[in-house]
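Engineer: Take a look at this one; I'll ask things after.
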Amino acid sequence: GAGVSQSPRYKVAKRGQDVALRCDPISGHVSLFWYQQALGQGPEFLTYFQNEAQLDKSGLPSDRFFAERPEGSVSTLKIQRTQQEDSAVYLCASSLMAGNNYEQYFGPGTRLTVT
Amino acid sequence: GDSVTQMEGPVTLSEEAFLTINCTYTATGYPSLFWYVQYPGEGLQLLLKATKADDKGSNKGFEATYRKETTSFHLEKGSVQVSDSAVYFCALNSGGSNYKLTFGKGTLLTVNP
């Protein structure tokens, strides 16, 4: 079946522009995670949804970052007034439920470059 | 807070060589431990996991044992293949309410024929 998909795969934004990154999780997956992966680093947690509820946003680096999942399926990560330090790969992952017995399936990521 | 430290790369081996990638962690409570792999041009995939002390995770010839006394989860494979060339990430999950993953920086493995 279809895995986690993300769009766009690549995004170039000028500093100060707003961007929106989309994640389509595996159908029926309750849990959805966003991670940020800087060049040469491991992914770092940004935020977590259980259905439409955003239960943890402790990893969002600033109030310029905003995520939503209004109908409990597709999620959007929005970054306002982008800065060069926002350049990274943004990964989305979904799992059937929350818990260590449920694998997180990752999408291919969106590579954001802020110029 | 939680953290994962893994062996600096890159690691370059010849085919059929023995592989070890070291991973140690700091966490509250009793975390679950994971190894993820990222093949060139692909997304992260779960390679193996262990959810309690002394558990051994295994998959595709790779193994790792959860060692609570040394807070380690080293990845091993007895005979690597060219197709194992990838970036390997050690990760943990402390549970709680969201099961977010905390990753190490990754280790690039290149296997030459």
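The values are calculated or read from the model by the stated rules, or taken from the named source; none is laboratory data. These figures come from a predicted structure and were not determined experimentally. Positions of Cβ are generated from backbone atoms using ideal geometry, with glycine treated the same way; all protein chains shown enter the neighbour counts. The area values use the complete protein model at the heavy-atom level, side chains included, leaving out ligands, DNA and RNA. Shrake-Rupley method; radii C 1.70, N 1.55, O 1.52, S 1.80 Å.
Engineer: State the percentage of accessible surface on the range B:25-113 attributable to carbon and sulfur atoms; use a 1.4 Å probe and exclude ligands, DNA and RNA.
Structural biologist: Working: 1870 of 3870 Å².
That fraction is 48 percent.
Engineer: Right, another one. Where the only charges are on Cβ atoms (+1 Lys, Arg; -1 Asp, Glu), what is the dipole of chain B about its Cα centre, to the nearest 20 debye?
Structural biologist: Here the size comes out at about 340 debye.
Engineer: In debye, nearest 20: dipole of the range A:63-115 around its Cα centre with unit charges on the Cβ of K, R (+) and D, E (-)?
Structural biologist: With Lys and Arg at +1 and Asp and Glu at -1, about 140 debye.
Engineer: Across 10 Å bins from 0, what is the distribution of all Cα-Cα pair distances for the protein assembly as shown, in whole percents?
Structural biologist: The percentages, shortest bin first, are 8, 33, 35, 20, 5, 0.
Engineer: Based on the Cβ-Cβ distance from A:S58 to B:S83, what FRET efficiency comes out when R0 is 35 Å, to the nearest 0.05?
Structural biologist: Calculated value: 0.40.
Engineer: Can you pull out the GluC sites (Glu not before Pro) in the range B:15-80 whose DSSP state is coil and whose Cβ has at most 14 other Cβ atoms within 10 Å?
Structural biologist: Working: sites: B:E15, B:E16, B:E42, B:E63, B:E69, B:E76; in loops: B:E15, B:E16, B:E42, B:E69.
Filter output for the range B:15-80: B:E15, B:E16, B:E42, B:E69.
Engineer: Could you give the dipole magnitude of chain A about its Cα centre, charging the beta-carbon of Lys and Arg +1 and that of Asp and Glu -1, in debye to the nearest 20?
Structural biologist: Magnitude of the dipole: close to 460 debye.
Engineer: A further question on this structure: Run through the range A:1-58 and list the trypsin sites (Lys or Arg not before Pro) located in a DSSP loop whose Cβ has at most 10 other Cβ atoms within 10 Å.
Structural biologist: Answer by residue number: A:K14.
Engineer: Provide, in order from the shortest bin, the percent of all Cα-Cα pairs of chain A in each 10 Å bin, continuing until the bin that contains the maximum pair distance.
Structural biologist: 16, 50, 29, 5, 0
Engineer: Here's a follow-up. Which chymotrypsin sites (Phe, Trp or Tyr not before Pro) from the range A:54-102 combine a DSSP loop assignment with at most 16 other Cβ atoms within 10 Å?
Structural biologist: For chymotrypsin sites (Phe, Trp or Tyr not before Pro) across the range A:54-102 that sit outside H, G, I, E and B with at most 16 neighbouring Cβ atoms in 10 Å, the list reads A:Y102.
Engineer: Counting only residues 5 or more places away or on other chains, whose amide H sits under 5 Å from the amide H of A:D56 once H atoms are built in the peptide plane?
Structural biologist: Those lying under 5 Å, H to H, from A:D56 are A:Y48.
Engineer: Relative contact order for chain B: what percent, with Cα pairs under 8 Å and sequence separation of 6 or more? Mind dumping the intermediate values first?
Structural biologist: On the way: 295 pairs, mean separation 41.4, N = 113.
That works out to 37 percent.
Engineer: Are any of the pairs A:K14/B:K105; A:K57/A:K78; A:K57/B:K60; A:K11/B:K100; A:K14/B:K100; B:K52/B:K100 more than 24 Å apart by Cα-Cα distance, and if so, which?
Structural biologist: Correct reply: A:K14/B:K105; A:K57/B:K60; A:K11/B:K100; A:K14/B:K100.
Engineer: Enumerate the residues in the range A:24-66 having an amide nitrogen under 13 Å from the point lying 7 Å beyond the Cα of A:Q83 toward its Cβ.
Structural biologist: A:61-65
Engineer: Which cross-chain or sequence-distant (5 or more) residues have an amide H under 5 Å from the amide H of A:Q83, H modelled 1.01 Å from N in plane?
Structural biologist: Excluding prolines and chain starts, which carry no amide H, the hits are A:G16.
Engineer: Which whole number in µm²/s is D for chain B by Stokes-Einstein, with the Kirkwood Rh taken over Cα pairs at 37 °C and 0.692 mPa s?
Structural biologist: 234 µm²/s
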